[in-house]
Amino acid sequence: MKKFFITLMGGTVVLIGVAMLVLPGPGLLVVLAGLAILATEFIWARRALRNAKGTIAKARRKSGLKEWLRRRRTESTSKLIP
């Protein structure tokens, strides 16, 4: 019975997230939340969530966002110190 409700809730959240991909809203985040719910009961969802996290981390590293934020932080603090 518990597995049924987890499946129902997680599947609904994933479907809402997929709809939000074309509608306004944080679609990818909602899909990931649905996968996290499903991952509590299903191995395939756990693997999919792990792969998604790895892909997001790889994209973040390639984007250079961390270095850009570091540069911005040092520039803003150097302006404050005379």
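Any read-out appearing in this document is the output of simple, stated calculations on the displayed coordinates, not a laboratory observation. Note that this is a predicted model, so its numbers are computed, not measured. Reconstructed Cβ throughout: ideal geometry from the backbone, glycine too, with neighbour counts over all protein chains shown.
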For this session: Please give the helix 65-80 orientation as an angle from the longest Cα principal axis of the chain, in degrees from 0 to 90, rounded to the nearest 10.
Result: 40
Exercise. Total Lys pairs in the chain closer than 22 Å by alpha-carbon, pairs eight or more apart in sequence or interchain only?
Worked result: 4
For this session: Can you find, among I37, T7, S63, the residue farthest towards the positive end of the dipole of the chain? Put +1 on the C-beta of Lys and Arg, -1 on that of Asp and Glu.
Result: S63
Exercise. Please state the Cα pair-distance histogram of the range 2-80 with 10 angstrom bins from zero: what percent is in each bin?
Worked result: 18, 32, 25, 15, 8, 1
Seminar exercise, completed: In degrees rounded to 10, the 0-90 angle between helix 2-22 Cα long axis and the longest Cα principal axis of the chain is 50
Problem set entry | Under Karplus coefficients 6.51, -1.76 and 1.60, residue-wise ³J(HN,Hα) of the range 48-53 in Hz, glycine/proline x | 4, 5, 4, 5, 5, 5
Problem set entry | Charge dipole (debye, nearest 20) of the chain; +1 at Cβ of Lys and Arg, -1 at Cβ of Asp and Glu | 500
